[in-house]
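The values are calculated or read from the model by the stated rules, or taken from the named source; none is laboratory data. Just so it is clear, the structure is predicted and the values come from calculations on it, not from any experiment. Note: ideal-geometry Cβ built from the backbone for every residue, glycine included; neighbour counts use all protein chains shown. Heavy atoms of the whole protein, side chains included, go into the accessibility calculation; ligands, DNA and RNA do not. Shrake-Rupley method; radii C 1.70, N 1.55, O 1.52, S 1.80 Å.
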Amino acid sequence: MLGIGLISFIAALGLALVLTPLVKKLAVRIGAIDVPNQRKVHTRIMPRLGGVAIYASFVIGLLLILPWVPEGTLSAYDRNLISAMLVGGTVIVLLGALDDKFDLSAKLKLLIQIGAACIVVFGYDVKINLLNIPFGSSMQPLGEWLSIPLTIFWIVGVTNAINLIDGLDGLAAGVSGIAVATILVMGIIMGSSTVVLLSTVLLGSIVGFLFFNFHPAKIFMGDSGSLFLGFALATLSMLGFKQITIVSFVTPLLIIGVPLSDTFFAIVRRWIHKKPIFAPDKGHLHHCLQQLGFSHRMTVLIIYGIATFFGACAVIQSAVSNSGLGNWITFIVICALVFLLQIGAELIGIVDQTRRPVLDLIARLRMKPQTQSRGK
C-alpha cells in the first residue's frame, strides 16, 4: 500500500501545481479577493480561492488512484469514510468558496458546517463509537446520545480551528500538512490502508499548493481551503478514536494541538476581555510572535516547529499506549504539555499581556529561598 501511497502523493502534488495557477486566475476574474485592512498582515490585494485547488487535487487524485487499490483492501467502513470525506468535503468547499466571494455571516457558516457534520454522522454512519481513556479499561463504548453530538462537535470544532490560524502566508497549509503527515505515520503504525491512502493524497495536494502559498504568497487558500482542511483533519483524526488498541483518547488532540490550543486561548482571551467569541482580533499565536519581533517567515517556521513537536508527541504517545506504562506516559505527556502551553501563553501574552499567574508564582517561589538565606 505504501507504493500506491507514494504514487498518489506524486499525482496529487502534480495536480495541485497545475490547478493552483488556474484557480488563481479564476479568483481574480470573479472577484474572490482579499483586501488588506487593519486586522490583516498582507498589504496588497490577493486572490483567495486556493482551497478549491487543494480540494480538486485531492478529489481527482483520489478518484484516479482508487481503481488501482487491490480488491478487498478497503472495508465497508473504509468506503463509507471516503464517501463521507468527499460528500461532506464538497459541501464545506462550496461554503468556503461562497464565503471567499460574498463574506457570509458566521451563523450561516456554522449551520452549514453542522449540516456537513451531520452528513458524515447520519449519511455514512461515521462517528466516534469507542474511546480508550487513560487509566480506564481498554474499551469504552459510547451510547448514541453521546457519540453523535461528540462527533458533530469534534468535526465543527476542528474545522473552525484551522480557519482561525489562517493568518499568515503558508501557515494554515503548513500546519495542516504536518498534522496530515502525523496521521500518515499513525496509519502506517496501525496498518490502516485507508488512512495511508487518504493522507498521502491530501498531503500531496497541500504540498503542491504550498509552492504558491508560502511567503511571499501568490494566492491565499481562503475559507474554501481552511474549512476543507479542518474538515478533512477532523474526519481523518477520528480514526484515532476507532483504533483503540493503539491510539488513546489524547492522540487526536495532539495531532492538531496547535490550532486547538490557539482556538482555546482565543476563546479565553475574548471571554476575559468581554468580547464576542467569534469576534476577530490580533491576539492569535502568529500575531503575538510577530509582536515579539519575529519576521513573517520566521513566525511561520516557529509554528511549524511547534506543530511538529505536537505531532512527534502524538506518535510517541500512541506507540507506547499499549505498554504497561502506557497510561502513566499519557498522563505525564498531558501534564507536561499543559504546563508548557501555559508558560508559553504567558510569555508571549496570547491571553493577556499583564496576567502571568504561573510565571509570577515561579518568581515568588524563587525569591522565597533567597529571602530566607539573607535572613540567616
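Assorted remarks:
- Rolling a 1.4 angstrom probe over the protein heavy atoms with all chains in place gives the range 1-366 an accessible area of 45 Å² per residue.
- Among Pro47, Pro67, Pro252: highest mean-square fluctuation, GNM of the chain, C-alpha pairs under 10 Å: Pro67
- Within the accessible surface of the range 1-366, defined with a 1.4 Å probe on protein heavy atoms only, the carbon and sulfur portion equals 71 percent.
- A simple spin-label model places pseudo-atoms 7 Å from Cα toward Cβ; at Ile10 and Glu71 they are separated by 2.7 nm.
- Relative packing of 201-210, 104-113, which averages over residues the other C-beta atoms within 10 Å, highest first: 201-210, 104-113
- Across Lys101/Lys282; Lys127/Lys274; Lys24/Lys127, pairs whose alpha-carbon gap is larger than 29 Å: Lys127/Lys274; Lys24/Lys127
- Surface accessible to a 1.4 Å probe, His287 within the full protein complex, Å²: 20
- Cα centroid separation, the range 270-320 to the range 198-228 (Å): 18
- Packing-based order for 49-55, 147-153, 29-35, using average beta carbon neighbours within 10 Å, highest first: 49-55, 147-153, 29-35
- Gyration tensor analysis over the Cα atoms of the chain returns equivalent ellipsoid semi-axes of 33, 28, 19 Å (largest first, whole Å).
- Largest to smallest accessible area among Ile303, Ile272 [probe 1.4 Å]: Ile272, Ile303
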